[in-house]
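Heads up: the structure comes next, in structure tokens.
The values are calculated or read from the model by the stated rules, or taken from the named source; none is laboratory data. Remember, it's a predicted structure, so these values are computed and weren't measured experimentally. Cβ placement follows ideal geometry from the backbone for every residue including glycine, while neighbour counts extend to all protein chains displayed.
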Amino acid sequence: MGTEGSTVVVPRSFRLLEELERGEKGIGDGTVSYGMDDADDVYMQSWTGTIIGPSNTVHEGHIYQLKLICGLEYPEKPPSVKFQSRINMTCVNPETGVVEPSIFPMLADWKREYTMEDILTRLKKEMASPQNRKLTQPPEGNDEGRVDPKGLVLRCCIIQQYS
């Protein structure tokens, strides 16, 4: 019939719907999760991920929030991945929280079959690697002064109003 060796390419939207369904059901032991940031995002570009730090590392007991952006070329091209939480890891830019594709092999050698789940699971594994498991971490809640990709310093303050 001539179908030997042919592959079916799943359209982007179907692929992302599959990932959303899988993310909503929960992954493995529950230490990695992800979902859409904005239910009204028709292009399904903006996602949030969570990693609970692995045991027996400096990350144990920490909950890390990440932002994943799946551009219109996803899954052909990898998403951009950024830690919203402060973290010290060899593959993460300490100023911006961006996971550096040139240093994180999964993003550098991206394959279409990789998923957001794969990225989060691999980052958790990377936290437990010898080069990252004992790195001194920034103080918790120290997201003040995080630089965004445009070079702007992001600061947050709470103003209390008295009546």
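If you filter region 9-28 down to residues that are surrounded by 11 or more Cβ atoms within 10 Å (Cβ to Cβ) and either over 17 Å from the mean Cα position of the chain (by Cα) or aromatic (Phe, Trp, Tyr) (or both), you find that the one that is modelled with the lowest pLDDT is Val10.
Condition check ((1) free of Cβ contacts under 8 Å to residues at least 60 places away in the same chain; (2) among the β-branched types (Val, Ile, Thr)) across all residues:
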| position | (1), (2) |
| --- | --- |
| Arg15 | no, no |
| Glu19 | no, no |
| Gly23 | no, no |
| Val42 | yes, yes |
| Trp47 | no, no |
| Val58 | no, yes |
| Gly61 | yes, no |
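Looking at Val99, Val32, just one residue is under 13 Å from the mean Cα position of the chain (by Cα), among the aliphatic types (A, V, I, L, M), at pLDDT below 95 and buried (at least 18 other Cβ atoms within 10 Å of the Cβ), and that residue is Val32.
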